Amino acid sequence: MDKKLVFGIFILLGVTIVLADVPDTFNIHGKLTTPSGSASVGTFEMNFSIYNLSSGGTALYSQSQNVTTDNDGIYTLILSGLSGVDFEQDTYLGIQVESDSEMTPRINLTSVPSALAGSGGGVSSFWTQSGTDLYYNDGDVGIGDSTPDGILDLMATSTHTELVIDSPLGTYDSSIEFRNSGALEWQICVDDSISDELDFVRGGSSCSSTDIMSLTSDGLEMGSGRLYFDRSTLWTSSSPSSRYNNQFTITCTTCIITTINHYVNGQPLWVVCNANGGVLRDSSIGGNLQLAGDFTCGVGDTLHLIYNDRVLKWVEISRSDN
């Protein structure tokens, strides 16, 4: 064997790492030459060893391969079975060609291969990999913020900050979960099964669980009742609907109202008079208004009702006659 190969030029160019499933391998790309710089062409038995010392010591890893160079003396190979090497410490690569002595100096493997640290090939001083999961051991994460104030701190650098939660094809529920020692306490989620309403769910395991509060196209629902704050409707009909509101303004002067449609148990309703003459009549003569006597509107008068599904009526809570 030509001893001149001991002084050949070796170049380590890169390491291939895939975080989704970190392999215990890395690539070596090198060039073998004579001391005069001529390419060494052929097939050579080469041994690659990894140490934690720049000289001396015992190899932490060793692998021999028959390496074939091209016409320029260049070769590429993959070292495998590196899971037992702790790359969090300083590591050095030693190379021996045929029966020659190991080349000097050893090559310092810097921070790129250290991503292979740990027996599972996925541990560093910052994060840990377990199967396909990746997690931080400690510290906070800042995105757009170099000094995060919490475990996860999002800050836009040139526009408004957005946190986007999307479901594939729009057929699944997107949610944010709040847990206490692993137990699910609250969810804020979009329930795709009923027109993508926004639900606040106490406990439960999905948006289909009984919600505490929901934002719907009709307004705000709480428990089994509904609170609507979106608009005020002018009453000009003798059979008004409470579907979209908690407050109605009466403008009719001769209407007689005995029934209010679209009700939910526990729903409150405020009636405000903006004209004189309209009458809400007690259910003693029919309808679903349980009043303390008929209520005849005068400008500025108010009537407070709540729907009770045990009696199936709107029950008067209070009135103000100006």
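Please give the net charge around L291, taking every other residue with its beta carbon less than 10 angstrom from that of L291, where Lys and Arg add +1 and Asp and Glu add -1. Provide the component values of the computation, followed by the final result.
On the way: positive: R281, K313, R319; negative: D282, D294, E316.
With Lys, Arg at +1 and Asp, Glu at -1, the net is 0.
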### Summary
Taking only the alpha carbons of the range 45-99, the radius of gyration and the largest Cα-Cα distance, Dmax, both in angstrom, are 12.4, 37
### Surrounding net charge for D321, when Lys and Arg each add one and Asp and Glu each subtract one, Cβ distance under 15 Å
-2
### Query
Once you wrap a convex hull around the alpha carbon atoms of the range 168-217, what is its projected area averaged over all directions, in nm²?
3.4
### Task
Measure out, as a whole number of angstrom, how far apart the alpha-carbon centroids of the range 21-51 and the range 283-322 sit.
92
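Bear in mind these aren't lab numbers, they're just calculated from the coordinates by the rules spelled out. Computed from a predicted model, the values in this text were never measured in an experiment. Because the Cβ atoms are built from the backbone with ideal geometry, glycine has one as well, and the counts that use them run over all protein chains shown.
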